[in-house]
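Heads up, the thing below is written out as structure tokens.
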Amino acid sequence: MSTKAQSVLDTDDLNDTDEAILELMRDGRVTPPLVAKKLQKSREYASERLIRMKEHGNATRIAPGLYELVDDPRDGTDVEEATVDESDLRDRLQDARAARDRHEERADDLQARLDTAGAGPTPDRESLERVVCGVEAALMALDGRDPSIDAAKNELAAALETLQQLADD
């Protein structure tokens, strides 16, 4: 049995989803998840439509799950022959560059924050021991004074334990 590809789809063969997919492919390469998201269809349906377009020679699969427009049956011209709106392309290029710059700035900011996150001074053993002594003195001064400050005493005791562990390390 021969599985020879049929000729390019005619405009009569296109449904609304096919038309929308062709518009997306005019803007660039597409994947089934992208088509599904943009057109609010299931991924499976988007994949079926792209495969059908490939079978009819309207699209080519350039990598697994990545499709590109070859021939738009609505205007009867190959994509390479189609007229291009230069102003629209310039606007889209400018938008893409601005988005890239924003992402680069964000990445630089995140890298700087990451670089300085652990760069604070590490206290030495002597400093930690002084803090431990100070907390111990505060606990002794509070002992037996007022039951309403017991919660604060407990928190200080927990902090003291942590400080002692750091000093021992």
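The values are calculated or read from the model by the stated rules, or taken from the named source; none is laboratory data. The structure displayed is predicted, hence computed values, not measured ones. Heads up, the Cβs are rebuilt from the backbone with ideal geometry, glycines too, and the neighbour counts pull from every protein chain shown.
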Do we have GLU105 as assigned to a helix (DSSP H, G or I) and at pLDDT 85 or above here? yes
Of the conditions (1) at pLDDT below 85; (2) surrounded by 10 or more Cβ atoms within 10 Å (Cβ to Cβ); (3) part of a helix (DSSP H, G or I), ASP75 satisfies every one except a single condition; which number is it? (3)
Kindly list, by first and then second residue, each pair from a residue in the stretch 30-58 that is farther than 14 Å from ASP13 by Cα and in contact (Cβ under 8 Å) with a residue 40 or more places away in the chain to a residue that is among the hydrophobic types (A, V, I, L, M, F, W, C) and surrounded by 19 or more Cβ atoms within 10 Å (Cβ to Cβ), limited to pairs with Cβ atoms under 6 Å and residues at least 6 apart or on different chains. none
Out of the stretch 44-62, which residues are surrounded by 16 or more Cβ atoms within 10 Å (Cβ to Cβ) and hydroxyl-bearing (Ser, Thr, Tyr)? SER47
So LYS54 fits all but one of (1) among the charged types (D, E, K, R); (2) modelled with pLDDT of 90 or more; (3) part of a loop (DSSP other than H, G, I, E, B); what number is the exception? (3)
For PRO121, work out the one condition from (1) at pLDDT 75 or above; (2) in a loop (DSSP other than H, G, I, E, B); (3) over 21 Å from ARG29 (Cα atoms) it doesn't fulfil. (1)
